[in-house]
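Data first, discussion second: the structure below is written as structure tokens.
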2 protein chains.
Amino acid sequence: MTSIHDVRPEAFSYAWDHSTAPAIEVESGDSVLLHARDASDEQIQKGSTARDVAGIDFSHVNPVSGPVFVKGAQPGDALAVELLEMRPGDWGWTALIPGFGLLADEYPEPWLRISQIEPASATVRFSDQVSLPLRPFPGTIGIAPAEPGQHPILPPTRWGGNLDTKHLTEGAILYLPVGVEGALLSLGDTHAAQGDGEVCGTAVESAMDAIVRISVRRDLTITAPQIDLPATTQGTPPGYHVCTGVGPDLIEAARDATRAMIEHLGERYGVEHQEAYALTSVACDLRIHEIVDAPNWVVGSFLPNTIFI
Amino acid sequence: MTSIHDVRPEAFSYAWDHSTAPAIEVESGDSVLLHARDASDEQIQKGSTARDVAGIDFSHVNPVSGPVFVKGAQPGDALAVELLEMRPGDWGWTALIPGFGLLADEYPEPWLRISQIEPASATVRFSDQVSLPLRPFPGTIGIAPAEPGQHPILPPTRWGGNLDTKHLTEGAILYLPVGVEGALLSLGDTHAAQGDGEVCGTAVESAMDAIVRISVRRDLTITAPQIDLPATTQGTPPGYHVCTGVGPDLIEAARDATRAMIEHLGERYGVEHQEAYALTSVACDLRIHEIVDAPNWVVGSFLPNTIFI
């Protein structure tokens, strides 16, 4: 059994930059514990009000913990990140932030809700009326871009980042294309519950400890994030392989997700291109994972594993 | 018990037009059996090849059976259409049609696959390697537009039509805004299996008999299709209420679906607008139902019924 590397809590960044010094170096196959801060970087507290939302300093949002240097990871490899355990706290926040979100023009006023998180019953108490299933996951998880310099933390890219993909719960495996030696994995923006799309721009935002197992995969060639969802993942009984498209145009992101799925069907199951394209049409589901982290959106194509005889 | 009205098989159209004479008149609450033709209008047969796909006459695609005049339905009402039973035949077809589909530019050659439909095992045999769950539904279901004249059959609109929404299987209830007296419901383009998106432009296309129960609802005010998915619908265990957005821009369609869901949360559960917007973000899933029936796409916002205490 491998021990779990504990990454020091004060190792976090507000931008993607492959020149950031690693917080830790690990071997392929090792497990790592990261202490993710909430997306407001503690600017929102349990006793905060809508007034505090209006005052958020955006230069300090979405800190990501890490980076983790994975020995042996080289550009062109894939990094497999298995979500082993997500440990949420006992509260989270959801806000309408002026100027942010799918309906920003129609909701100009700040608004805040503090929810209670109840791990024992696996629920999030959003209101007297609403109890959400607790589905903790990292909204932001990615590796350092190949391109030098500082890159903003808010938009996701093909290197991952702010994917806001609610399916990355315990048991899921995220595959990321490696851009630089050591990959330099970071995560943050942890969410206790979220719908596909994250339409108002925030989920149930909560600081969280995350344990992930990180492995280098030289047998996979991917150009954007992909995900394996096991049959045991809540809400996805058959198990799925997911190919994502990330970019500023939803139609093109859907095309990229579909193209990646066609390649996957060819490489993994030997299905030729025309048949694979038809198969994406009759069997795969398109979902919008996030539509608020401008300028890039994320679309996923979901292949149910059970259709193969 | 109400008897089932059998609509004569030769009553079908290739366009939406509210001046089309009704095939039958029924009372609110009646059930109707419609004999839907396949989307090629029998141009593709069990023994067809890719060559036949290239020769398809598009003026004869997607015939819709009906229309059914529902007594008492008036503009401003909603029409509730419950899918009681879908009876597929024993085969279906899937094609890559030149110039059609999400990746049309990359797949210029026609291609055809005939699948065996096996109702006894509830499967569709797509290939030696792939067996799909049999999930029969009408790809096209809608009412006559309020606007006079002939309207093309291919793009869906807020009156429904070619929604290509795979979730409209047995047990689902589709709500449509009524545009003209009698509503004039028609359906066709029946599918044995499809993924969300229908990315190549065809599903497993199959002629099918459909039994639907049609009711006038004066208590609902909707401006685009909505759907109730019961807990028993396959693949959707918790049960969902779905609000759709239909239009030529995916982002705007997602906005429309979200706005409709916010209204629904207010009307049905008394949730005020800001909180409802936040709730769509933490609990509702955006899915792309179709992305090929140019110029209009369909996005659905899925509310799980079980979150309400």
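The values are calculated or read from the model by the stated rules, or taken from the named source; none is laboratory data. These figures come from a predicted structure and were not determined experimentally. No Cβ is skipped: glycine too gets one built from the backbone with ideal geometry, and neighbour counts run over all protein chains shown.
The table that follows gives values for the structure above.
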read-out: Filtered residues of the range B:110-122 (kept if in contact with a strand residue (DSSP E or B) (Cβ under 7 Å, 6 or more places away or on another chain) and assigned to a loop (DSSP other than H, G, I, E, B)); value: B:110, B:119, B:122
read-out: Some residue of the range B:112-123 being buried (at least 19 other Cβ atoms within 10 Å of the Cβ) and within 22 Å of residue B:291 (Cα to Cα); value: yes
read-out: The range B:300-309: number of residues that are at the interface with another protein chain (Cβ under 7 Å from one of its Cβ atoms) and either crowded, with 24+ Cβ neighbours inside 10 Å or within 15 Å of residue B:229 (Cβ to Cβ) (or both); value: 1
read-out: Per-region count, the range A:39-70, residues out of contact with any Gly (no Cβ under 7 Å at 6 or more places or on another chain), at pLDDT 95 or above and farther than 20 Å from residue A:190 by Cβ; value: 4
read-out: Lone unmet requirement of (1) within 19 Å of the chain's Cα centre (by Cα); (2) surrounded by fewer than 20 Cβ atoms within 10 Å (Cβ to Cβ); (3) closer than 24 Å to residue A:225 by Cβ for residue A:83; value: (2)
read-out: Which listed residue is crowded, with 24+ Cβ neighbours inside 10 Å, away from chain A (no Cβ under 14 Å) and at pLDDT 95 or above, from B:178, B:204; value: B:178
read-out: Number of the exception - residue A:189 against (1) part of a loop (DSSP other than H, G, I, E, B); (2) touching a residue at least 40 places away in the same chain (Cβ under 8 Å); value: (1)
read-out: Conditions (1) modelled with pLDDT of 95 or more; (2) within 14 Å of chain B (Cβ to nearest Cβ); number of the one not met by residue A:234; value: (1)
read-out: Residue count, the range A:126-171 (criterion: out of contact with any Pro (no Cβ under 7 Å at 6 or more places or on another chain), surrounded by 18 or more Cβ atoms within 10 Å (Cβ to Cβ) and free of Cβ contacts under 8 Å to residues at least 60 places away in the same chain); value: 3
read-out: Cross-chain or 6+ apart pairs with Cβ under 6 Å, the range B:66-88 first and farther than 10 Å from residue B:217 by Cα, then basic (Lys, Arg); value: B:82/B:213; B:84/B:213
read-out: Elements of type strands (runs of 3 or more DSSP E) in the range A:1-101, at least 2 residues being closer than 28 Å to residue A:147 by Cα and among the basic types (Lys, Arg); value: none
read-out: Yes/no for residue A:280 being part of a helix (DSSP H, G or I), within 20 Å of the chain's Cα centre (by Cα) and facing another protein chain (nearest Cβ under 8 Å); value: no
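Table: residues versus (1) assigned to a helix (DSSP H, G or I); (2) more than 7 Å from every other protein chain (Cβ to nearest Cβ); (3) on the phi > 0 side of the Ramachandran plot; (4) touching a Pro at 6+ places or on another chain (Cβ under 6 Å).
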{"site": "B:241", "(1), (2), (3), (4)": "no, yes, no, no"}
{"site": "B:253", "(1), (2), (3), (4)": "yes, yes, no, no"}
{"site": "B:264", "(1), (2), (3), (4)": "yes, yes, no, no"}
{"site": "B:268", "(1), (2), (3), (4)": "yes, yes, no, no"}
{"site": "B:274", "(1), (2), (3), (4)": "yes, no, no, no"}
{"site": "B:286", "(1), (2), (3), (4)": "no, no, no, no"}
{"site": "B:289", "(1), (2), (3), (4)": "no, yes, no, no"}
{"site": "B:293", "(1), (2), (3), (4)": "no, yes, no, yes"}
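Matching residues to (1) closer than 18 Å to residue A:20 by Cα; (2) assigned to a loop (DSSP other than H, G, I, E, B); (3) β-branched (Val, Ile, Thr); (4) touching a strand residue (DSSP E or B) at 6+ places or on another chain (Cβ under 9 Å):
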site	(1), (2), (3), (4)
A:127	no, yes, no, yes
A:155	no, yes, no, yes
A:175	no, no, no, yes
A:179	yes, yes, no, yes
